[in-house]
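Structure record follows, encoded as structure tokens.
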Amino acid sequence: MKNKALKTLTVLFTALILSVALFGCVSEQKQVTKADTNTLVPSGKLVNGVRVIAVQAKRFEFMPNTIVVKAGEKVQLDMTSLDDAHGISLPAFKISQDILPGKTSTVTFTAGAVGSYPFHCSVFCGFGHLDMKGEIVVIAAK
Ligand SMILES: [Cu+2]
């Protein structure tokens, strides 16, 4: 009898932990609304149908740290470092690229569905490294 109660409690507890973990992941993804599509201006400029955006990395920020693109667009990030070695990790688009001083590092991807996709610095660059992050905001193509 005691054993059964313990089992039930364990199952309930596990379900609680799982739902918290699951909800945490889902809520991390910010919603991009129709209003965002109407107000946000795409970053960079179109060159031969590719949205080309210059991104600068320095301790401890990306500039810009909010990059706006349209759904379905081909995107090219031309990235430079203003100080030391940094990197960009953009998991949603399977991108991981070092950004080293003195050269331009380029990555390309196709912006998928409307949404907000976080990126962060992938090379430890000192105190504040964990705060070095940003997001790709994909708005509707209209
Ligand atoms: Cu870093």
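Name every residue in the stretch 123-136 that is within 9 Å of the ligand (Cβ to nearest atom), among the aliphatic types (A, V, I, L, M) and outside any loop (DSSP other than H, G, I, E, B), in order of residue number.
130
So which pairs qualify, if the first residue must be in the stretch 114-142 and of a type in the set (A, V, I, L, M) and open to solvent by 10 Å² or more (accessible area, probe 1.4 Å), the second must be assigned to a strand (DSSP E or B) and within 16 Å of the ligand (Cβ to nearest atom), the Cβ gap must be under 6 Å, and the two must be at least 6 apart or on different chains?
123/86; 123/87
Taking only the stretch 54-104 into account, find how many residues are open to solvent by less than 60 Å² (accessible area, probe 1.4 Å) and among the basic types (Lys, Arg).
0
For the condition over 13 Å from residue 43 (Cβ atoms) and more than 16 Å from the ligand (Cβ to nearest atom), what is the one hit in 93, 60? Give the derivation first.
Working: 60 fails: more than 16 Å from the ligand (Cβ to nearest atom).
When all the criteria are applied, what remains is 93.
How many residues does the stretch 29-51 contain that are surrounded by fewer than 12 Cβ atoms within 10 Å (Cβ to Cβ) and on the phi < 0 side of the Ramachandran plot?
So the answer is 8.
The values are calculated or read from the model by the stated rules, or taken from the named source; none is laboratory data. Please read these numbers as outputs of a predicted model, since none were measured by experiment. Cβ: placed from backbone, ideal geometry, glycine included. Neighbour counts: every protein chain shown. Side chains are part of the model used for accessible areas, which takes the heavy atoms of the whole protein and leaves out ligands, DNA and RNA. Shrake-Rupley method; radii C 1.70, N 1.55, O 1.52, S 1.80 Å.
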